[in-house]
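Chemist: Handing you a structure now.
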Amino acid sequence: MRKRVKTPVHGSRGSRCRGRCASLAPMLALALLGSCGEERQPPAAFSFDKLPVSGSLADAQRAGFTACLSSNVEMRCRKEGVSFRRHGPFSAAVDLRGGKGEGGFDHLTLWHASDQSALVAITNDLRSEGWSECLTPIGAGWEGRAVYQQAGSPVFLALDLTYWDRRTLKVFRAVPSEIPQCRAQGQAA
């Protein structure tokens, strides 16, 4: 006597599980493949106004960014009481790629814990010194930022205009291919 195998009825619990599991499998595979990539080398060490803008975990720690918190994919190292362009004190952080910071960092983030306009004093100084200001368009990955540049400067800055918690000012190396495209103040969209 042959044993009958019961096949699930469409819409039964077993078929719903297989459907959900099948849709999760590609996402899980992509996540695992993404974590198997080759190791990224940290960017070259670079500082501006005595603060680290890019480099390795060792570069960050030498600059006093020693309060580090790690997750599986990134590490944030902070330093309190920093000054930037004669303003401050601010909180500052560098975000390193990799749970152990092995991929290094490529920008510096500044913020003030209680005064959201403290960073605006920096941007006012930049404009008075001839730095250009432009706004990033929607959908560019940089939306909601005012970008500050000056010819010959080794850095550009991006001020968050759409902050939810704390306004931030980010400092990046002025690599032409990495400076966001934006429009000047008052220019039509």
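Chemist: Which of the peptides 130-136, 167-173, 103-109 is most tightly packed, and how do the rest follow, judged by the mean count of other Cβ atoms within 10 Å per residue?
Modeler: Details: 130-136: 16.1, 167-173: 19.9, 103-109: 22.4.
Ranking, from highest mean packing down: 103-109, 167-173, 130-136.
Chemist: Would you pull out the residues with amide H under 5 Å of Phe48's amide H, same chain only if 5 or more places away, H placed 1.01 Å from N?
Modeler: Those lying under 5 Å, H to H, from Phe48 are Val53.
Chemist: Using a simple spin-label model with points 7 Å from Cα along the Cα→Cβ vector, what separation in nm is obtained for Glu74 and Glu143?
Modeler: Roughly 1.9 nm, to one decimal.
Chemist: List the trypsin sites (Lys or Arg not before Pro) within region 41-96 that fall in a DSSP loop (any state other than H, G, I, E or B) and whose Cβ has at most 12 other Cβ atoms within 10 Å. Before the final figure, lay out each step's value.
Modeler: Working: sites: Lys50, Arg62, Arg76, Arg78, Lys79, Arg85, Arg86; in loops: Lys50, Arg85, Arg86.
Answer by residue number: Lys50, Arg86.
Chemist: Can I ask one more? Assign one of three labels to region 51-151, namely rounded, prolate or oblate, based on the Cα gyration tensor with a ≥ b ≥ c the square roots of its eigenvalues; rounded applies when a/c is under 1.5, prolate when it is not and a/b is larger than b/c, and oblate otherwise. Before the final figure, lay out each step's value.
Modeler: Values: a/c = 2.03, a/b = 1.47, b/c = 1.38.
Prolate shape, in that a/c is at least 1.5 and a/b is the bigger ratio.
Chemist: Return the long-range amide H neighbours of Leu96 (sequence gap of 5 or more, or a different chain), with a cut-off of under 5 Å between placed amide H atoms.
Modeler: Here Met75, Arg76, Cys77 satisfy the definition.
Each value in this text was obtained by applying a stated rule to the coordinates, not by laboratory testing. On a predicted model such as this, the values are computed, not experimentally measured, just so you know. Note: ideal-geometry Cβ built from the backbone for every residue, glycine included; neighbour counts use all protein chains shown.
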